[in-house]
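The values are calculated or read from the model by the stated rules, or taken from the named source; none is laboratory data. Note that the structure is a prediction, hence the values are computed from the model and not measured. So basically every Cβ, Gly included, is an ideal-geometry build from the backbone, and we count neighbours across all protein chains shown. All accessible areas refer to the heavy atoms of the entire protein, side chains included, with ligands and DNA or RNA removed. Shrake-Rupley method; radii C 1.70, N 1.55, O 1.52, S 1.80 Å.
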Amino acid sequence: MTVLTEQRRKLAEASVQQARSLRRNMAISTVLGTLLLSLMVYYTHELPTQLSQWLGISEAAALAALVAIALLGTNFLAGLVFFRISYRNAGSLCRTLEELDRELVKTETQLQASRSAMHATADMDQAFQGFLQQNLQESETSTLGIIERTGRLNQAAGKLLEYLQNSSDNASTMAVDIQQGVEDMNKIAGFVRELPDKIRQDAEVIHHILQEVKQLEGLATSIKEISQQTNLLALNAAIEAARAGESGRGFAVVATEVRALANRASTAADTIESGLSQALAAVESSLVDSNLGDSQHHLEKATQVVDAFQKLQNSYEEMRQFYKSLFSVVTQHNTELAEEISDMLGLMQYQDVEGQRLTRMTDTLAERCQLYADVEHSPIGFKGLTEDLQQLLARYLEDESRHSHPGNRNKTNATDAGPNIELF
Amino acid sequence: MPKTILVVDDSVTMVMSLKTSLQIAGFTVETAHDGQQALDKLKTGIKPDLIITDINMPRMGGIDFIRHARTLPGMRFTPILALTTESQQAKRDEAKKLGATGWLLKPVSGADLVKVIKQVLPGA
């Protein structure tokens, strides 16, 4: 029950009491007046006659005068009593009304104080609204930053994928070249592997032929020696035939034929020797030619080997450059990705900044609630609330000013908070 | 041998974002959620090459942590960076007086943070 309700109740009770008192007094005075008039008429029923005789007026006039005097007296007494009772009741009513006035004044004062407190509350709410708006903006900035960086990460990943795709195609081409080089190398390796056997076989054949030819050469020499000895024997036979004379003539013819035969044998041996020499020369020449041919073949093979090696080396160099370039690009992309992720993680710090700001705000709101609760038990009511709220707001704003506000860093008073990064 | 960094912050988001960011940059990261826990870790033998600490924390704040950490053996010259929303000049001066190496206002981008770490931690 409020003070005003109590006063109003008192006022109503006083009014009701006054009405009841009037009713009671009216009843009492009516009863008393009737009784008084009855007694007066009963005890003074001869008084009109005596009075008419004494005053020399008619008895009716004396009676009327007595009734009028009695009524006047009774009314006067009743009025006096009513006045005193009404005066007492009116005093009580006035006191109640005065109390009510005082309460109304107090209520008006409280109303003014509460209006003022409401203004302070509105100021505080406005400050909260400003910081909440800032929180919202920073949260939005942070989210947009994360979205932007996510987009960049996606683009970087796409580029890397595209580059790796191109690299894969290039690697396939290089793999074909390298495969061709490997096949060439296998052919060369097969040739080189067979080469010692081939050379050995060729050498054996030549050696065999030479042995054969040398044997034939010895045979020709033997024939030549035989023909020389035959020629010498034929000469001796011719001499002995000449010495024998006519009897030896036939023998001389035989000797001559034998000699001719020896000469022919010698000529044949020379021819064989010459033929063998020519054949040997021809074999040697052929061998030389063969060697030259082989050398040419070997040279061609060697050139092929050099070309194959050159190609292989080129392919290897290309492959090395390719992988070097690939590594460089992947490293660069990786660095960019790491930087983007790191920056994105940096944006998460906004959450902490905003969280701290909201904590300060909720702490202040809790204090404000406590102030409202204290008003109920405070003897001065709302009077001190405005001041307390203003102090609370001042403390809150001061506390806020001691913390960084990323959204304000580009504003004119940004230097008040000191540099963002300071090494001592 | 990767350098070890001790991150001290009561915000789980901060600890996780810093830890991941620093690990990407090649550092080994230890964490603590207030000054007291960080101090206990230092006493149990963790020897970080660098410490990054918040200032306003429950149980033990960053200023008290720096004060106590500097008295521990082997911690006299370890770089300590304050990473905070606190922008009061008096706090900066106090941290500087107690031996803090630098003061960074949140939020700090990953690139800037790594740059500062390389400045105060040669060879990182």
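From the list B:107, B:122, which residue is at pLDDT below 90 and more than 15 Å from the chain's Cα centre (by Cα)? If you could, list the steps in order and put the result at the bottom.
Details: B:107 fails: more than 15 Å from the chain's Cα centre (by Cα).
When all the criteria are applied, what remains is B:122.
Within segment A:24-41, track down each residue that is loosely packed, with under 12 Cβ neighbours inside 10 Å and over 14 Å from residue A:70 (Cα atoms). Please lay out each step first, then the result.
Within segment A:24-41, the first condition is being loosely packed, with under 12 Cβ neighbours inside 10 Å, and the residues that meet it are A:24, A:27, A:31, A:34-35, A:38-39.
Matches in segment A:24-41: A:24, A:27, A:31.
Within segment B:14-29, take every residue that is part of a loop (DSSP other than H, G, I, E, B) and open to solvent by 40 Å² or more (accessible area, probe 1.4 Å) and give me the one that is nearest to the other protein chains (Cβ to nearest Cβ).
Of segment B:14-29, the ones part of a loop (DSSP other than H, G, I, E, B) are B:25-27.
Now narrow it down to the ones that are open to solvent by 40 Å² or more (accessible area, probe 1.4 Å): B:25-26.
On the way: B:25: 7, B:26: 9 Å.
The residue in question is B:25.
Quick one: would you say residue A:239 is open to solvent by 60 Å² or more (accessible area, probe 1.4 Å), touching a residue at least 24 places away in the same chain (Cβ under 8 Å) and of a type in the set (Val, Ile, Thr)?
On the way: open to solvent by 60 Å² or more (accessible area, probe 1.4 Å): yes; touching a residue at least 24 places away in the same chain (Cβ under 8 Å): no; of a type in the set (Val, Ile, Thr): yes.
Answer is no for this residue.
To keep it simple, each residue is scored yes or no on (1) within 30 Å of residue A:45 (Cα to Cα); (2) in contact with a Pro (Cβ under 8 Å, 6 or more places away or on another chain); (3) open to solvent by 40 Å² or more (accessible area, probe 1.4 Å).
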residue	(1), (2), (3)
A:69	yes, no, yes
A:76	yes, no, yes
A:83	no, no, yes
A:89	no, no, no
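Restricting to segment A:341-371, count the residues that are more than 14 Å from chain B (Cβ to nearest Cβ), surrounded by 15 or more Cβ atoms within 10 Å (Cβ to Cβ) and of a type in the set (S, T, N, Q).
Looking only at that region, the number is 1.
Got a sec? Which of A:209, A:226 is open to solvent by 80 Å² or more (accessible area, probe 1.4 Å), in a helix (DSSP H, G or I), farther than 30 Å from residue A:391 by Cβ and among the β-branched types (Val, Ile, Thr)? Outline the logic, then answer.
Details: A:209 fails: open to solvent by 80 Å² or more (accessible area, probe 1.4 Å).
Matching residue, one of A:209, A:226: A:226.
Take the residues in segment B:106-124 that are in a helix (DSSP H, G or I) and not β-branched (Val, Ile, Thr); name whichever of them is nearest to the other protein chains (Cβ to nearest Cβ). Explain how you work it out, then say what you get.
The first filter runs over segment B:106-124 and keeps only residues in a helix (DSSP H, G or I), leaving B:110-120.
Those left that are additionally not β-branched (Val, Ile, Thr): B:110-113, B:115, B:118-119.
Values: B:110: 3, B:111: 6, B:112: 7, B:113: 7, B:115: 9, B:118: 12, B:119: 7 Å.
Among those residues, the one meeting the criterion is B:110.
Filter segment B:3-13 for residues that are without any contact (Cβ under 8 Å) to a residue 60 or more places away in the chain and open to solvent by less than 10 Å² (accessible area, probe 1.4 Å); which is farthest from the other protein chains (Cβ to nearest Cβ)? Explain how you work it out, then say what you get.
Our first condition is that a residue be without any contact (Cβ under 8 Å) to a residue 60 or more places away in the chain; within segment B:3-13, this holds for B:4, B:6-8, B:10-13.
Subset that is open to solvent by less than 10 Å² (accessible area, probe 1.4 Å): B:6-8.
Numbers: B:6: 18, B:7: 12, B:8: 13 Å.
Looking at residues that are without any contact (Cβ under 8 Å) to a residue 60 or more places away in the chain and open to solvent by less than 10 Å² (accessible area, probe 1.4 Å), I get B:6.
On the given criteria, is residue A:59 touching a Pro at 6+ places or on another chain (Cβ under 6 Å), without any contact (Cβ under 8 Å) to a residue 24 or more places away in the chain and open to solvent by 90 Å² or more (accessible area, probe 1.4 Å)? Steps first, answer last, please.
Details: touching a Pro at 6+ places or on another chain (Cβ under 6 Å): yes; without any contact (Cβ under 8 Å) to a residue 24 or more places away in the chain: yes; open to solvent by 90 Å² or more (accessible area, probe 1.4 Å): yes.
Yes.
Under 9 Å between Cβ atoms, which residue pairs at least 6 apart in sequence (or on different chains) link something in segment A:179-193 that is touching a residue at least 12 places away in the same chain (Cβ under 8 Å) and small (Gly, Ala, Ser) with a partner that is assigned to a helix (DSSP H, G or I) and open to solvent by less than 40 Å² (accessible area, probe 1.4 Å)?
A:181/A:308; A:181/A:315
The conditions are (1) open to solvent by 30 Å² or more (accessible area, probe 1.4 Å); (2) within 14 Å of chain B (Cβ to nearest Cβ), and residue A:312 fails exactly one of them. Which is it?
Going through the list (1) open to solvent by 30 Å² or more (accessible area, probe 1.4 Å); (2) within 14 Å of chain B (Cβ to nearest Cβ), residue A:312 breaks only (2).
Could you grab me the full set of residues in segment B:95-117 that are closer than 18 Å to residue B:39 by Cβ and either open to solvent by 40 Å² or more (accessible area, probe 1.4 Å) or without any contact (Cβ under 8 Å) to a residue 40 or more places away in the chain (or both)?
Going through segment B:95-117, the residues closer than 18 Å to residue B:39 by Cβ turn out to be B:95, B:98-101.
Listed by number, the residues that qualify are B:98, B:99, B:100, B:101.
Please verify whether segment A:374-392 includes one or more residues that are within 14 Å of chain B (Cβ to nearest Cβ) and under 20 Å from residue B:88 (Cβ atoms).
Filtering segment A:374-392 down to residues within 14 Å of chain B (Cβ to nearest Cβ) leaves none.
No, that holds for no residue.
Considering only segment B:50-105, how many residues are within 9 Å of another protein chain (Cβ to nearest Cβ), part of a loop (DSSP other than H, G, I, E, B) and β-branched (Val, Ile, Thr)?
Residues meeting the conditions: 2.
Do we have any residue at all in segment A:88-105 that's under 24 Å from residue A:353 (Cβ atoms) and part of a helix (DSSP H, G or I)?
Scanning segment A:88-105, I find no residue that is under 24 Å from residue A:353 (Cβ atoms) and part of a helix (DSSP H, G or I), so the answer is no.
Are any residues in segment A:375-396 surrounded by fewer than 15 Cβ atoms within 10 Å (Cβ to Cβ) and modelled with pLDDT of 85 or more, and if so, which ones? Don't jump to the end; show me each part of the working.
Residues of segment A:375-396 that are surrounded by fewer than 15 Cβ atoms within 10 Å (Cβ to Cβ), as a first pass: A:376-380, A:387, A:391, A:394-395.
Those that are surrounded by fewer than 15 Cβ atoms within 10 Å (Cβ to Cβ) and modelled with pLDDT of 85 or more: A:387, A:391, A:394, A:395.
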